[in-house]
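Readers should treat all values here as calculations from the given coordinates under stated rules, not as data from a laboratory. Note that this is a predicted model, so its numbers are computed, not measured. With ideal geometry, Cβ positions are generated from the backbone for all residues, glycine too; neighbour counts draw on all protein chains shown.
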Amino acid sequence: MNLIVGVAPFILFTLLSRLSVDLALWVAFAAAFVVTIRDFVESPSLRLLDAGSFLLFAILALGRGFLDPNLSLAVVRFIASISLLLLLGLPLAFKRPFSVDYARLDPREAGWPPALFLKVNYLVSGAWTAAFAIMALADGAVAFDAQLPLYASIAASVVVLAAVVNFTLRYPAHAAKKASPGGQK
C-alpha cells in the first residue's frame, strides 16, 4: 500500500531517534516534505497523514532547534505519537478511515466491492490507530516517569511498527483472496 510511504517520516523518526533527536526530527521533516510535495504534484490535494506529518515534524524540528533545545527525546516522542494518534484516530471515530485516500491509488484495491474496500480500510486504519495508541502510552509513561528506561519505549515502538507494517502489507491481499469466488472461506 502507498500508506507505508505516508507513515515513512514517523518510521524514520522512530528508528533514528535513539541516535540523535535532532537528526531524527530533521530527517522526518525532510521525508514528510518530500512525500507531501510528491503527492501534491501528482494531484492538487493533500492527504491528512501527509500534511499532518509535514506540519508535526516541521513544528517539532523547528521548535526543538530554535525554541527549546533541551526538550527531551521522551517528550518529543510522546508529542509525535500522541499527535499522530489524534490525527489518525479522530477521522476514524467520524467514520472516515484515513487509509482510504491511499487505497484508492492502488488499482487492485480501488476495484474491490465497496463493502470489502471499506472493511479493509477500517481494519487497516484501526490497526494504525491502535499502534499509535500503544506507542503514545509507552512514550507517555517514559516522558512522565523518569525512572522508566527510554529503550523500553523505543523497543515497543519498533515492535509495534513492525507488526502494523506487516499487517498493512499482508491483510488487504488476504481479505481480497478470501472474498474472491473460490477463495478461502
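How high is the relative contact order of the stretch 10-100, in percent, with contacts defined as C-alpha pairs under 8 Å that are six or more residues apart?
Taking the mean separation of contacting Cα pairs over the length of the stretch 10-100, I get 24 percent.
Among ASN121, PHE94, LEU48, whose Cα sits farthest toward the positive end of the charge dipole of the stretch 3-179 (+1 at Cβ of Lys/Arg, -1 at Cβ of Asp/Glu, about the Cα centre)?
ASN121
So for the stretch 4-97, Kirkwood radius off the Cα pairs, Stokes-Einstein at 25 °C and 0.890 mPa s: how many µm² s⁻¹?
Answer, rounded: 182 µm²/s.
Within 11 Å, Cβ to Cβ, of TYR102, how many net charges do the neighbouring residues add up to if Lys/Arg are +1 and Asp/Glu are -1?
-3
Which chymotrypsin sites (Phe, Trp or Tyr not before Pro) in the stretch 65-118 pass both tests, a DSSP loop state and at most 11 other beta-carbon atoms within 10 Å?
Answer in residue order: PHE94.
Take a quick pass over the stretch 70-185 and tell me how many lysine pairs come in under 15 angstrom between Cα atoms, counting only ones 8 or more apart or on separate chains.
Total qualifying Lys-Lys pairs in the stretch 70-185 comes to 4.
With no solvent and one equal point scatterer per Cα, compute the Debye intensity ratio I(q)/I(0) for the stretch 3-179 at 0.11, 0.19 Å⁻¹ and report its log10, rounded to two decimals.
-0.47, -1.26
Taking amide hydrogens as modeled 1.01 Å from N in the peptide plane, which residues meet the under 5 Å criterion relative to SER99, leaving out close sequence neighbours?
SER125
Indicate the helices, whole DSSP H runs only, in the chain that combine a mean Kyte-Doolittle hydropathy of -1.0 or more with a Cα extent along their long axis of 24 angstrom or more. List each step's numbers first, then the result.
On the way: long enough: 21-42 (31 Å, 1.54); 73-93 (29 Å, 2.28); 114-144 (44 Å, 1.35); 150-179 (43 Å, 1.01).
In the chain, the long hydrophobic H runs are 21-42, 73-93, 114-144, 150-179.
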